[in-house]
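Single-structure report; data block below.
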Amino acid sequence: MNAPLMNVAERVAPGNAAVVVIDLQNDFCAPGGWTEALIKKDMGVFVPASKAIERMVTAARKAGVPVVWVKADYTPEKLPEPMRVRFAGMPVK
């Protein structure tokens with residue numbers, strides 16, 4: 001059994017850590033994406049955050065830290081019925 005990681009340096013060491021990026025998709029976080037086009041909400045406010053995440057991912061890879069991207073899948077056959085009904089009338093890019 002491994003000893004517990006007792007301090008921050010041990011916890012974030014490349015062999016003990018990973019970067020997990022959740023649902024950073026153009027449709028929801030980029031100017032011109034689905035959210036901006038359909039809902040008319042300015043997604044430009046997310047550009048600084050996406051640039052910071054890009055820098056973090058680049059640094060993590062350079063340090064040998066694994067990077068995991070988690071992407072939501074809105075394929076109709078994979079959605080639960082209530083979401084399918086809600087999205088049925090919405091345009092898709």
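The values are calculated or read from the model by the stated rules, or taken from the named source; none is laboratory data. Here the structure is a predicted model, which means the values were calculated and not measured. Surface areas here come from the heavy atoms of the whole protein model, side chains and all, with no ligands, DNA or RNA. Shrake-Rupley method; radii C 1.70, N 1.55, O 1.52, S 1.80 Å.
Give the carbon-plus-sulfur fraction of the accessible surface of the range 1-70 in %, rounded to a whole number; probe 1.4 Å, heavy atoms of protein chains only.
On the way: 3190 of 5040 Å².
Whole-percent figure for carbon plus sulfur exposure: 63.
Using a probe radius of 1.4 Å on heavy atoms only, what accessible surface per residue do you get for the chain? Whole Å² is fine. Could the numbers behind the result be given before it?
Working: 7090 Å² over 93 residues.
Using a 1.4 Å probe on heavy atoms only, each residue of the chain averages 76 Å².
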